[in-house]
Amino acid sequence: MESARSKVLVVDDEQANLILLNTILRGSHEILLASSGLEALSILGSELPDIILLDVMMPEMSGFDLCRILKGDERYGEIPVIFITSLSGGESELQGLQLGAVDYICKPFNIAHVRLRLRNQLELKLRNEQLKEQRAALEARTFELESAIKRIKHLEGLIPICMYCKKIRNDRQLWQNLEEYICEHTDASFTHGMCPDCLDRCMAGLQAMFEGGDSQGSGHIPA
């Protein structure tokens, strides 16, 4: 659903229209008012509305001219524009839609129609933004998975390993310590301990050294 306080920029050179639209919309939206295209551009320099209601027939810069500027600027190109104008006829409506407007409302307008069309476009904009966020999250996740797969592939296939010292021959044909090789090709790190078998062998070796020392009467561990 649309935001409870969506920001709406209304651009119209007729003061009566600005007052009317401000009155019927301000209860559920934050309203920005501009009486000309130049004033609208000035407001856009510091405020980014969620949608723009734009008159066509204005002095100095028409609504069509302003829409053309907005759609050519990456900062404002995604803001939906609805034309509200006294110009009727398929040709004017077609021109507005070709410039990138999402809707076209003829004056005198029905207040309920304006509210409904505004709500529909704000909901559509919100859904599109949510889809973009989901797509960006999916792309990021896909990149992570692809990176993980690449790391895994480093350790696939046959790995030449010395049967005596257990060193591994790397891609540069150099013999490398097993730990160094794994650290270089994965994100793994090592903690060092002793397995039960090695611990038993170590203890047996120490015991044999002590026993050998006692049998010689020296009491010293041989070097």
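At-a-glance table
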| quantity | calculated |
| --- | --- |
| Subset tally (residues that are among the charged types (D, E, K, R) and touching an Asp or Glu at 6+ places or on another chain (Cβ under 8 Å)) for the stretch 12-43 | 3 |
| Tally, over the stretch 81-114, of residues that are in a helix (DSSP H, G or I), within 32 Å of the chain's Cα centre (by Cα) and closer than 13 Å to Val56 by Cα | 2 |
| Residue match in the stretch 98-112 (condition: surrounded by 20 or more Cβ atoms within 10 Å (Cβ to Cβ) and of a type in the set (A, V, I, L, M, F, W, C)) | yes |
| Out of Gln95, Gln121, sole residue that is farther than 20 Å from Asn17 by Cα, without any contact (Cβ under 8 Å) to a residue 60 or more places away in the chain and surrounded by 14 or more Cβ atoms within 10 Å (Cβ to Cβ) | Gln95 |
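Bear in mind that the values in this text are calculations on the coordinates, not laboratory data. These numbers were taken from a predicted model, which means no experiment stands behind them. As a convention, Cβ positions derive from the backbone with ideal geometry for all residues, glycine included, and neighbour counts pool all protein chains shown.
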